[in-house]
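What follows is one structure encoded as structure tokens, with my remarks underneath.
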Amino acid sequence: MRVGMLTSGGDCQALNATMRGVAKSLYKMCDDVEIIGFEDGYRGLIHADYQIMKPSDFSGILTKGGTILGTSRQPFKLMRVPDENGLDKVEAMKHTYRKLKLECLVVLGGNGSQKTANLLREEGLNVVSLPKTIDNDLWGTDVTFGFQSAINVATNAIDCIHTTAASHGRVFIVEVMGHKVGWLTLYAGLAGGADIILLPEIPYDLDVIVKALKERNKQGKRFSILAVAEGAISKEDAKLSKKELKEKKKNQVVYPSVAYELGAKITEKTGQEVRVTVPGHTQRGGEPCPYDRVLSTRLGAAAAGLIMKKDYGYMVAMKNNEITKVPLAEVAGRLKTVDPNCSMIREAKLLGISFGDE
């Protein structure tokens, strides 16, 4: 039995741990299995760049970050568009799959990767996928591997800011990854004791933020910390279409990111010094935390179980602390966002944390 495997999209912690879970389980359950590792994600499948893996390749990688296979971003919207040489990428992937006589393709990836995995399923390929992303925004699973490790990194950044913020009596903004969803910012903000948390799902009012900062000053609190998702947006901008927003930004000062823009506006309205910290890609790097090692091992073993049963067309998921499977057709194209009215937001507001909306 020949099984293909690839890691696609942005890297994150526990990719190696998950591949290890799949491989070790397959080697245990099947006497004659060969794993083909495609290099740099779907690009390797398109161009038939691969390596025949050995059991030893999956040893010693449980705690190793990144991906031993490499990864790349292959936008789903361009999958049906021929490349500069006229290559039909979908047909090329199918050709590689059939040429290598694969029984199944295992895909580790986030939203775009899951959409492509479902596309290949629709084209007749046997596919099993695994939920990878630090954003935790994949529909159909309570948690994705990489999420908890990223929370730890982002929380540590906020923890480190606390001491310097307290020493200097300044406002600090920590910009957390998350363009479309705010799960990472929400969890890290709560864990790090942020005073204000701004999420893409809850458009903010600058005046509300300023009021919250002034209130803290009145209470004699020397500093404030804002955990801001990189996709945070004001109420005014949230009302605009993409075209209108793009046009508006043409006539504005260009800031490196939302955190710098927000910092400049807070200083203008309050006179307070604002410092910005952007942990950036450190949130995706380093070794996976113990939680992610356990999660990825369980997910990987379950994926191997599906392959042995020839139960294809599913993403392996975690629901209510139990491993289950979700049809790829249901996962593809759906985003799991933070509900502004969820209990976690309500509880945070009871603590006095502002989300910039009221």
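For K99, the lysines whose Cα comes closer than 16 Å to its Cα, not counting residues fewer than 8 places off in the same chain, are K89. Contact order for the range 5-153, expressed relative to its length and based on alpha carbon pairs under 8 Å spaced 6+ residues apart, stands at 27 percent. Of the trypsin sites (Lys or Arg not before Pro) found in the range 222-320, those that fall in a DSSP loop while having at most 10 other beta-carbon atoms within 10 Å are K309, K310.
Starting from the alpha-carbon convex hull of the range 263-358, give the projected area averaged over all orientations, in nm². Can you show the working numbers first?
Numbers: hull surface 41.4 nm².
Averaged projected area of the range 263-358's Cα convex hull equals 10.3 nm².
Only beta bridges with both residues in the chain are counted; by DSSP, about 25 percent of them are antiparallel. Per residue, the convex hull spanned by the Cα atoms of the range 1-132 measures out at 92 cubic angstrom.
Per residue, how big is the convex hull of the range 174-330 when only Cα atoms are used? Give it in Å³.
Numbers: hull volume 26.2 nm³, N = 157.
Per residue, the Cα convex hull of the range 174-330 comes to 167 Å³.
Shown here for the range 55-117: chymotrypsin sites (Phe, Trp or Tyr not before Pro) in loop regions (DSSP other than H, G, I, E, B) with at most 16 other Cβ atoms within 10 Å, of which there are none. What is the total of Lys pairs in the range 171-255 with C-alpha atoms under 25 Å apart, excluding same-chain pairs fewer than 8 positions apart? Number of lysine pairs found: 21. The residues neighbouring V316, those whose beta-carbon lies less than 12 Å from its own, together hold a net charge of +2 under the Lys/Arg +1, Asp/Glu -1 convention. Taking a straight Cα-Cα cut-off under 17 Å and skipping sequence neighbours fewer than 8 places away in the same chain, the lysines within cross-link reach of K309 are K24, K28, K325. The local environment of V81, defined by Cβ-Cβ distances under 14 Å, has a net charge of -1 under the rule Lys, Arg +1 and Asp, Glu -1. Shown here for the range 130-221: trypsin sites (Lys or Arg not before Pro) in loop regions (DSSP other than H, G, I, E, B) with at most 14 other Cβ atoms within 10 Å, namely K180, K221.
What does the net charge come to around C342 if you take all other residues with beta carbon closer than 12 Å to its beta carbon, with K and R at +1 and D and E at -1?
On the way: positive: K336, R346, K349; negative: E201, D339, E347.
Net charge in that neighbourhood comes out at 0.
Amide hydrogen proximity for E34: with H placed 1.01 Å from N in the peptide plane, the residues at 5 or more positions away or on another chain lying under 5 Å are R2, V3. Note on the chain: Kirkwood hydrodynamic radius from all Cα pairs is 21.6 Å, rounded to one decimal.
Find the relative contact order for the chain and round it to a whole percent, using C-alpha pairs within less than 8 Å whose residues are 6+ positions apart.
Details: 757 pairs, mean separation 87.1, N = 358.
Relative contact order of the chain: 24 percent.
None of the figures in this text is laboratory data; all of them are computed from the coordinates on show. Because the structure is predicted, anything quoted here is derived from the model rather than measured. Ideal geometry is used to build each Cβ from the backbone, glycine not excepted, and the neighbour counts take in all protein chains shown.
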